[in-house]
Amino acid sequence: MRHYLGIDIGTFESKGVIVDEKGRVVANASRPHKMLVPQPGWAEHRPKQDWWGDFTYICRRMLAESAIAPETIRAVGTSAIGPCMLPVDENGEALSNAALYGVDTRATKEIEELNAAIGPERILSLCGNALTSQSVGPKILWLKRNRPDIFAKAAKIVTSTTYLVQKLTGECVIDHYSAANFSPLYLIDKQAWSSELAPDIIEQERLPKIVWTTDIAGHVTAAAARATGLAKGTPVIAGTIDAASEALSVGVTRPGDMMVMYGSTIFTIMLSKERIADGRLWYAPWLFPGEHASMAGLATSGTLTHWFRDIAAREIDRGKAFAKLSREAEASPAGAKGLVMLPYFSGERTPIHDPDAKGMIFGLNLTHTRGDLYRALLEGIACGTTHIIDTYREIDEVPKKLLAVGGGTKNKVWSQATSDISGMAQTVCAKTVGASYGDAFLAALAVGDVRKKDIAAWNPEARRIVPSRSHRVTYARQYHIFRELYSRNRDLMAEPS
């Protein structure tokens, strides 16, 4: 029997699976961790504990509980949140906490200065992306200016998946999809690192070697075998960012396919025939040569549900709180009795790219309940997702098919409101495991045991979420107010608190 192992490191939880050659999950495990917010605008993980610690724990637990012989694992695939910014020494050991993806907005000043020095149009043209909080280049510059001692000691600046692969194999690599987020250090036409736009940020040799996602980066070392329980010499692929693995896990393989990932943030990926050049969206070469991906993401989604649970449902057992809140939200009518919430609790990423954006609850009166508030929160996230879809509509790149994945697909109010407000049906596949399942498939693909189209057999479509006509008028009003609240209050949001 052939097996493939996939492990993904998420914002709040890491998950792993072992999959057989038919795509059946034969073992799985997970482990929670925290996102650290040492000050407003920062978001961090501890790589040794939260990334490598989770990886080794999950790997050993799955092998022990399944009794699967490590030698039957043909390849290992891994993914993680990203793009992150982490300085490491010559042995790949972390020199500080990792600055996370776009929810970490510490480099706002550096973004402004790089835009002024290079020009936003030139950056978009050559890098495929505008500089935003998602960009790693400005965060490296922030490190250089604000932590010069750590920057000087750093042999490499890496992202999360690079760190894991280096711990497993000793090789320091990054896939093109992840590297494209290092703007302004990666040029899309050359598909290579370049110091042309910003020669003073970092030397190219201090960045990882760029490869494709399914390239074999290396093999499990003796030290990694002892730490994980894997067999020494097991192939390890380069891997990628979690959202990309998650998209592949539900069959995003053709131009026009769009994944909507319901996780700690909403993240979307749409494949396209040609590169989409729009500063409101992100671009990257897809996981395979000659293919293109366009991305978007909200700053807070599942993160916001955790915040609400912690402040509004403290009396409920944590294991039962979300189920209780969901029932209360279902009891509230569509439109939450006129409540509209802006989910900009950590600024906002796409399409407005505004780190100063603020959360807002509009329309409160004395009749509103906790269930109304929670429903408004979920509908506010759905409005934010619709804003992303409308951005594609505005540039005549309408998604042909929405494939929904992630824990939020189990929340009826959240997923239904997304279809109702956007007017688009969503497909949910049989397995909603997510990125770790995609990692296992990528591992199988890398060693030639499957073809890309085989994901449809591994994870067939299970159900559809269809827009409800009965809520059209209510949600049209709500979405209109949602868009107006930001545009009318943007200047106030930017004022110092």
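For the subset of segment 340-362 comprising residues that are farther than 14 Å from ARG490 by Cβ and either touching a residue at least 40 places away in the same chain (Cβ under 8 Å) or β-branched (Val, Ile, Thr) (or both), which member is surrounded by the fewest Cβ atoms within 10 Å (Cβ to Cβ)?
Taking the candidates together, the pick is ILE361.
Suppose we keep only residues that are among the hydrophobic types (A, V, I, L, M, F, W, C) and over 16 Å from ARG254 (Cα atoms) within segment 449-474. Which one would you say is surrounded by the most Cβ atoms within 10 Å (Cβ to Cβ)?
TRP458
Filter segment 189-201 for residues that are touching a strand residue (DSSP E or B) at 6+ places or on another chain (Cβ under 7 Å) and hydrophobic (A, V, I, L, M, F, W, C); which is surrounded by the most Cβ atoms within 10 Å (Cβ to Cβ)?
Top of the filtered list is TRP193.
Conditions (1) surrounded by fewer than 21 Cβ atoms within 10 Å (Cβ to Cβ); (2) in contact with a Lys or Arg (Cβ under 9 Å, 6 or more places away or on another chain); (3) among the polar types (S, T, N, Q); (4) not assigned by TED's automatic domain parsing to the domain that holds LEU131, marked per residue:
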position: ALA284; (1), (2), (3), (4): no, no, no, yes
position: HIS292; (1), (2), (3), (4): yes, yes, no, yes
position: GLY297; (1), (2), (3), (4): no, yes, no, yes
position: ILE311; (1), (2), (3), (4): yes, no, no, yes
position: ALA323; (1), (2), (3), (4): yes, no, no, yes
position: SER326; (1), (2), (3), (4): yes, yes, yes, yes
position: ALA331; (1), (2), (3), (4): yes, yes, no, yes
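Does ILE241 meet the test of being under 23 Å from ASP354 (Cβ atoms) and without any contact (Cβ under 8 Å) to a residue 60 or more places away in the chain?
It is false that ILE241 is under 23 Å from ASP354 (Cβ atoms) and without any contact (Cβ under 8 Å) to a residue 60 or more places away in the chain.
Got a sec? Which of ALA117, ALA130, ALA180, ALA154 is closer than 30 Å to ARG226 by Cα and of a type outside the set (S, T, N, Q)?
Going through ALA117, ALA130, ALA180, ALA154 in turn, just one is closer than 30 Å to ARG226 by Cα and of a type outside the set (S, T, N, Q): ALA154.
So which residues in segment 1-60 are part of a helix (DSSP H, G or I), basic (Lys, Arg) and within 24 Å of ILE216 (Cβ to Cβ), if there are any at all?
The one that is part of a helix (DSSP H, G or I), basic (Lys, Arg) and within 24 Å of ILE216 (Cβ to Cβ): ARG60.
Among the residues of segment 323-335, write down those that are in contact (Cβ under 8 Å) with a residue 60 or more places away in the chain and not in a loop (DSSP other than H, G, I, E, B).
Of everything in segment 323-335, those that are in contact (Cβ under 8 Å) with a residue 60 or more places away in the chain and not in a loop (DSSP other than H, G, I, E, B) turn out to be SER326, ALA329, GLU330.
Kindly provide the set of residues from segment 37-87 that are loosely packed, with under 15 Cβ neighbours inside 10 Å and either touching a Gly at 6+ places or on another chain (Cβ under 9 Å) or closer than 18 Å to LYS15 by Cα (or both), ordered by number.
Result: LYS48, GLN49, ALA64, GLU65, SER66.
Of all residues in segment 386-402, count the ones that are in contact with a helix residue (DSSP H, G or I) (Cβ under 9 Å, 6 or more places away or on another chain) and closer than 17 Å to VAL466 by Cα.
4
For segment 460-482, which residues satisfy the criterion of being farther than 15 Å from VAL413 by Cα and part of a loop (DSSP other than H, G, I, E, B)?
Of everything in segment 460-482, just one residue is farther than 15 Å from VAL413 by Cα and part of a loop (DSSP other than H, G, I, E, B), namely PRO460.
Where in segment 370-448 are the helices (runs of 4 or more DSSP H), entirely inside, with at least 3 residues that are within 18 Å of the chain's Cα centre (by Cα) and outside the structural domain of ALA476 (by TED's automatic domain parsing)?
435-446
Out of ALA224, ALA217, I need the residue that is assigned by TED's automatic domain parsing to the domain that holds LYS144 and assigned to a strand (DSSP E or B). Which one?
Exactly one residue qualifies, and that residue is ALA217.
What residue, of ALA435, ALA404, ALA444, is touching a Gly at 6+ places or on another chain (Cβ under 8 Å), in contact (Cβ under 8 Å) with a residue 12 or more places away in the chain, surrounded by 22 or more Cβ atoms within 10 Å (Cβ to Cβ) and at negative phi?
ALA435
Please go through segment 150-164 and pick out each residue that is in contact with a Pro (Cβ under 8 Å, 6 or more places away or on another chain), closer than 25 Å to GLY10 by Cα and either crowded, with 23+ Cβ neighbours inside 10 Å or not charged (D, E, K, R) (or both).
ALA154, ILE157, VAL158, THR159, SER160, THR162, TYR163
Where in segment 113-161 are the helices (runs of 4 or more DSSP H), entirely inside, with at least 2 residues that are of a type in the set (Val, Ile, Thr)?
136-146
Just give me the residues in segment 288-302 being closer than 16 Å to ASP189 by Cα and assigned to a loop (DSSP other than H, G, I, E, B), in sequence order.
Listed by number, the residues that qualify are PHE288, PRO289, GLY290, GLU291.
Which of the following residues is of a type in the set (Val, Ile, Thr) and either touching an Asp or Glu at 6+ places or on another chain (Cβ under 7 Å) or farther than 25 Å from VAL450 by Cα (or both): VAL37, VAL19, VAL25?
After ruling out the rest, the residue left standing is VAL37.
Consider GLY251 carefully, then state whether it is within 21 Å of ALA446 (Cβ to Cβ) and not basic (Lys, Arg).
Criteria met by GLY251.
Taking the residues in segment 61-97 that are assigned to a loop (DSSP other than H, G, I, E, B) and in contact with a helix residue (DSSP H, G or I) (Cβ under 7 Å, 6 or more places away or on another chain) as candidates, determine which candidate is nearest to ALA27 (Cα to Cα).
ILE81
Identify all residues within segment 258-275 that are in contact with a strand residue (DSSP E or B) (Cβ under 6 Å, 6 or more places away or on another chain), in contact (Cβ under 8 Å) with a residue 40 or more places away in the chain and either assigned to a loop (DSSP other than H, G, I, E, B) or crowded, with 21+ Cβ neighbours inside 10 Å (or both); write none if there are none.
MET258, MET259, VAL260, MET261, THR265, THR268, MET270, ARG275
Mind listing whichever residues of segment 426-466 are under 19 Å from TRP212 (Cα atoms) and hydroxyl-bearing (Ser, Thr, Tyr)?
Hits for segment 426-466 are SER436, TYR437.
The values are calculated or read from the model by the stated rules, or taken from the named source; none is laboratory data. Just so you know, these numbers come straight off a predicted model, no measurement behind them. Cβ: placed from backbone, ideal geometry, glycine included. Neighbour counts: every protein chain shown.
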